[in-house]
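The block underneath contains the structure these notes are about, expressed in structure tokens.
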Amino acid sequence: MRIYHGSLEVVEHPLILPPQRTLDYGQGFYTTTSERQSKEWVERRMHEKHTSCGYVNIYELDEEKLCELKCLIFEEPNEEWAEFVMANRTRMDFAHDYDIVYGPVANDRVYLQFGLYEAGAISVETLIRELKTYKLVDQYLFHTNKALTALHFVEATKIG
């Protein structure tokens with residue numbers, strides 16, 4: 001299976017780097033099965049950083065290696081997913097031991113709903129119902145170096 005990572009640089013050898021902000025699934029290397037989502041992310045970063053080029057890095061995911069890894073899979077938004085994302089985004093001390101986490105992206109567009117949930121303005125049931133009205137893109141978090149061994153760099157497409 002092909003998966004994509006948007007970046008301002010070519011990333012032939014992914015690394016687990018400390019995040020500069022809190023993220024949906026915690027620290028790690030993020031990818032998606034959506035080439036379009038990856039390209040849009042690169043274009044936003046290029047605009048933010050005032051640079052004229054970026055890259056969609058393309059990898060082959062060795063699905064046979066997944067059975068050797070501890071994986072957490074969220075097929076769709078649900079209460080467990082919402083609590084996991086909220087813990088990663090709001091608790092600096094939150095940690096998990098999964099090699100890979102897969103599920104929907106709680107991007108900035110839908111994070112407003114998370115803000116309402118966190119403030120107690122809506123219930124988790126309302127949050128999930130609201131999020132299911134959005135077409136959510138998926139993401140894979142490679143959280144450990146062991147998980148990164150399931151990725152094989154194919155090529156990088158230049159954007160800009």
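Since every read-out is calculated from the coordinates, none of them should be taken as a lab result. No experiment lies behind these values; they were computed from the predicted model shown. As a convention, Cβ positions derive from the backbone with ideal geometry for all residues, glycine included, and neighbour counts pool all protein chains shown.
Structure values in brief
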{"read-out": "Net charge of neighbours whose Cβ lies under 10 Å from the Cβ of residue 59, counting Lys and Arg as +1 and Asp and Glu as -1", "value": "-3"}
{"read-out": "Mean residue ellipticity (222 nm) of the chain, computed from DSSP H runs ≥ 4 via -39,500 (n - 2.57), nearest 500", "value": "-9000 deg cm²/dmol"}
{"read-out": "Straight-distance crosslink candidates among lysines, where the alpha carbon sits under 20 Å from residue 65 and sequence neighbours closer than 8 are dropped", "value": "146"}
{"read-out": "The chain, Cα convex hull volume normalised per residue, Å³", "value": "113 Å³"}
{"read-out": "Antiparallel DSSP beta bridges within the range 2-159, as percent of all bridges there, nearest 5", "value": "90 percent"}
{"read-out": "Candidates 112, 69, 23, ranked by Gaussian network fluctuation over the chain, Cα under 10 Å, top entry", "value": "112"}
{"read-out": "Gap separating the Cα centres of the range 1-58 and the range 61-136, nearest whole Å", "value": "18 Å"}
{"read-out": "Angle in degrees between helix 108-118 and the longest Cα principal axis of the chain, rounded to the nearest 10", "value": "30 degrees"}
